[in-house]
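**Student:** There's a structure below that I have some questions on.
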Amino acid sequence: MSAGTRILVAIAGGFTLWALVFTAVYAGHATGCEIGWGLASGPGGIAPLRMVLVLIPLAGLGLTLAGLWLLRRGAGLAPRLATTAQLLTAAAAVATVYNFTFVAILPLCA
């Protein structure tokens, strides 16, 4: 991987992953409501759609935290770039938790 690509991935990776998770949750919600998953009862009385909509952000958060862990030693970047990448990835993790918490508590398919 070239140095320029490594810098781009380190700096934009967290929020790019956040955008992919947002798109997957949005598409999953629309599709799940359309096919009736929000009304069905799954294990423990939890709708299958709710389970899917909670698992997608959890997977994204896990990948974001893995990226943050990989950046812990700078990933071969200049110190200022490494710090910037770490802060942006941490902000993406916080944004993931904040934005997708409501998926678990708000009503589905209203």
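**Student:** For Leu20, indicate whether it is part of a helix (DSSP H, G or I), at negative phi and surrounded by fewer than 18 Cβ atoms within 10 Å (Cβ to Cβ).
**Tutor:** Answer is yes for this residue.
**Student:** Has segment 76-95 got at least one residue that is among the polar types (S, T, N, Q), surrounded by 15 or more Cβ atoms within 10 Å (Cβ to Cβ) and under 21 Å from Tyr26 (Cα atoms)? Spell out the reasoning first.
**Tutor:** Narrowing segment 76-95 to residues among the polar types (S, T, N, Q): 83-84, 86, 89.
Narrowing further to those that are surrounded by 15 or more Cβ atoms within 10 Å (Cβ to Cβ): 84, 86, 89.
Narrowing further to those that are under 21 Å from Tyr26 (Cα atoms): none.
Scanning segment 76-95, I find no residue that is among the polar types (S, T, N, Q), surrounded by 15 or more Cβ atoms within 10 Å (Cβ to Cβ) and under 21 Å from Tyr26 (Cα atoms), so the answer is no.
Every number in this text was worked out from the coordinates using simple rules, so none of it is lab data. Note that the structure is a prediction, hence the values are computed from the model and not measured. Note that each Cβ is placed from the backbone with ideal geometry, even for glycine, and that neighbours are counted across all protein chains shown.
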